[in-house]
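Reading through the structure tokens given below for one structure.
The values are calculated or read from the model by the stated rules, or taken from the named source; none is laboratory data. Only a predicted model underlies this, so the values are computations on that prediction, with no experimental measurement involved. We place every Cβ from the backbone using ideal geometry, glycine too, and count neighbours over all the protein chains shown.
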Amino acid sequence: MNGSVNNQLQILVIGGGAAGFFGAITAAGCGAKVTLLEAGRVPLGKVRISGGGRCNVTHHCFDAALFCQNYPRGGKALRGALTRFGAKDTVAWFESRGVRLKAEADGRMFPVTDDSGTIVDCLLEAARKAGVLLRTGCPVQGVQRLELGGFEVGLKSGEGLRCDRLLIATGSHPTGYRWAQSLGHQIIPPVPSLFTFNLQDPRLQGLAGLSVDPVTVHLQTPGKLKFSQTGPLLITHWGLSGPAILKLSAWGARVLQEHQYKLPLRINWLPEFNPETLRQHLLATKQATPKRKITNSCPVSLPKRLWQRFLTTVGIEEQRIWAELPKTALNALVQELTGGEYHILGKGVFKEEFVTCGGIKLGEINFKTMESRCCPGLYFAGEILDIDGITGGFNFQNAWTTGWLAGQGIGNP
């Protein structure tokens, strides 16, 4: 920490989201003088609405090697970063400031209050205590590097602010990408990630609200790339949602975008079976209960209404008993349950939580400090980088990790 106020590092942070706040708080804790600029009137907007208003802060996985496997893009770059500030450090950081987190059965971690306001208030108070000057309603017009070092940030109001070092944490907002490009960076074109699938299929009509866990979903791509996920699936009014679909959309984000979100989707509704083992299971049921109506005796772990819909799809009448099940109908049912093909017609939006893949090329960043390799004194954190995680707290952990590393890098002389 510098001894005198006069030679204190002057830091500007653009972006009042999770990464910007974490970077600003950390840098101020190192002794720098930090001003945080937020275009909106209310900071931390995405934190407030995330997780249905509960804020999925991180994920209960304290092994960096395992944790980084949940990033379709950026996991390799994050691996070392997560050893320096990972989920365990996030939990400790919030708990040291009076906010306890709890882990749910699927690993997602929330504040015990189940209220995102708890996280927002904690960050605002931590920034205040650290001495961060928060300026809201303060949109930035442009950024330029000064010849003698440092940066000038021009506000839309006409005011100009100078700083020794600059942290840009503007998420997926196009202005952040433009400033990064003007300072020498390459941008991987951003495309949506984490979304639901729109599809219209008579097999699913009238079944909105039914969930099946687990299913395996395969994206049928023309090339060699293979994408599949196993997990819970939810039938919706517009198509399909649930963790399996959201994860598949994240891993397949680029190929889906390239095909205008119109690709075939194959679903195994019973991933514990393959076609042959399911055929044998259904034949055993036929032998054991020959006189029972097929429609009333579902021998697999599917909602009854979905089972009945598949029977109708393959032409098995309501009154038919197992003894009367012909081989052709049995084979058609096996195919429908283990490899039914559906057609994605477009993407839906996953609640208010919009995630993009793409952003600043990761090779241009020093992941020990988050400093630009193209422009000394410039730092980045959060979703402006070409990093995106699947649902479950991984995108917020990217914000905490890169924000903390950037704050350490930018705040120390």
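Filtering region 147-178 to residues that are surrounded by 14 or more Cβ atoms within 10 Å (Cβ to Cβ) and at positive phi leaves Gly150, Gly171.
Exactly one condition in (1) of a type in the set (Asp, Glu); (2) over 14 Å from Leu37 (Cα atoms); (3) not assigned by TED's automatic domain parsing to the domain that holds Ser249 is false for Glu159; which is it? Checking Glu159 against (1) of a type in the set (Asp, Glu); (2) over 14 Å from Leu37 (Cα atoms); (3) not assigned by TED's automatic domain parsing to the domain that holds Ser249, the one that fails is (2). Please verify whether region 78-93 includes one or more residues that are surrounded by fewer than 16 Cβ atoms within 10 Å (Cβ to Cβ), assigned to a loop (DSSP other than H, G, I, E, B) and either in contact (Cβ under 8 Å) with a residue 60 or more places away in the chain or assigned by TED's automatic domain parsing to the domain that holds Phe367 (or both). Scanning region 78-93 turns up no residue that is surrounded by fewer than 16 Cβ atoms within 10 Å (Cβ to Cβ), assigned to a loop (DSSP other than H, G, I, E, B) and either in contact (Cβ under 8 Å) with a residue 60 or more places away in the chain or assigned by TED's automatic domain parsing to the domain that holds Phe367 (or both).
Taking the listed residues Cys122, Cys61, Cys138, Cys55, the one that is over 18 Å from Gly392 (Cα atoms) and either under 15 Å from the mean Cα position of the chain (by Cα) or not in a helix (DSSP H, G or I) (or both) is Cys138, with no other qualifying. Meeting the requirement of 1 or more residues that are buried (at least 22 other Cβ atoms within 10 Å of the Cβ) and of a type outside the set (A, V, I, L, M, F, W, C), the helices (runs of 4 or more DSSP H) wholly within region 224-294 are 243-251. Close Cβ contacts (under 7 Å, 6 or more residues apart or on different chains) running from residues in region 302-315 that are in the same structural domain as Leu333 (by TED's automatic domain parsing) and within 12 Å of Val212 (Cβ to Cβ) to residues that are of a type in the set (Asp, Glu) and surrounded by 15 or more Cβ atoms within 10 Å (Cβ to Cβ) comprise Phe310/Glu336. Considering Leu278, Leu282, Leu325, the condition of being touching a Pro at 6+ places or on another chain (Cβ under 8 Å), more than 30 Å from Val349 (Cα to Cα) and among the hydrophobic types (A, V, I, L, M, F, W, C) is satisfied by Leu282 alone.
For Tyr379, indicate whether it is crowded, with 19+ Cβ neighbours inside 10 Å, closer than 24 Å to Pro202 by Cα and touching an Asp or Glu at 6+ places or on another chain (Cβ under 7 Å). Answer is no for this residue.
Of the numbered criteria (1) surrounded by fewer than 18 Cβ atoms within 10 Å (Cβ to Cβ); (2) of a type in the set (A, V, I, L, M, F, W, C); (3) closer than 20 Å to Gly117 by Cβ, the one Leu66 fails is (3). When Gln8 is tested against (1) of a type in the set (S, T, N, Q); (2) touching a strand residue (DSSP E or B) at 6+ places or on another chain (Cβ under 9 Å); (3) touching a residue at least 60 places away in the same chain (Cβ under 8 Å), only condition (3) is not met. Evaluation of Gly206 against the conditions (1) modelled with pLDDT of 95 or more; (2) under 30 Å from Val314 (Cβ atoms); (3) surrounded by 14 or more Cβ atoms within 10 Å (Cβ to Cβ) shows that the sole unmet condition is (3). On the basis of being under 30 Å from Ile365 (Cα atoms), surrounded by fewer than 14 Cβ atoms within 10 Å (Cβ to Cβ), over 19 Å from the mean Cα position of the chain (by Cα) and touching a residue at least 60 places away in the same chain (Cβ under 8 Å), does Gln186 make the cut? Answer is yes for this residue.
Table: residues versus (1) over 20 Å from the mean Cα position of the chain (by Cα); (2) modelled with pLDDT of 95 or more; (3) surrounded by 23 or more Cβ atoms within 10 Å (Cβ to Cβ).
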residue: Gly348; (1), (2), (3): no, no, no
residue: Glu353; (1), (2), (3): no, no, no
residue: Gly363; (1), (2), (3): yes, yes, no
residue: Cys374; (1), (2), (3): yes, yes, no
residue: Ile384; (1), (2), (3): no, yes, yes
residue: Trp400; (1), (2), (3): no, yes, yes
residue: Ala406; (1), (2), (3): yes, yes, yes
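Taken over region 94-119, the criterion of being buried (at least 18 other Cβ atoms within 10 Å of the Cβ) and within 19 Å of the chain's Cα centre (by Cα) is satisfied by Arg108, Met109, Phe110, Pro111, Ser116, Ile119. Within region 319-345, being surrounded by fewer than 16 Cβ atoms within 10 Å (Cβ to Cβ) and part of a helix (DSSP H, G or I) holds for Ala323, Glu324, Lys327, Thr328, Asn331, Gln335, Gly339. In summary, Gly363 fulfils each of the numbered conditions (1) assigned by TED's automatic domain parsing to the domain that holds Gly23; (2) within 30 Å of Leu248 (Cβ to Cβ); (3) not in a helix (DSSP H, G or I) with the single exception of condition (3). If you check Pro111 against the conditions, is it of a type outside the set (Ser, Thr, Tyr), in contact with an Asp or Glu (Cβ under 7 Å, 6 or more places away or on another chain) and modelled with pLDDT of 95 or more? No, not satisfied.
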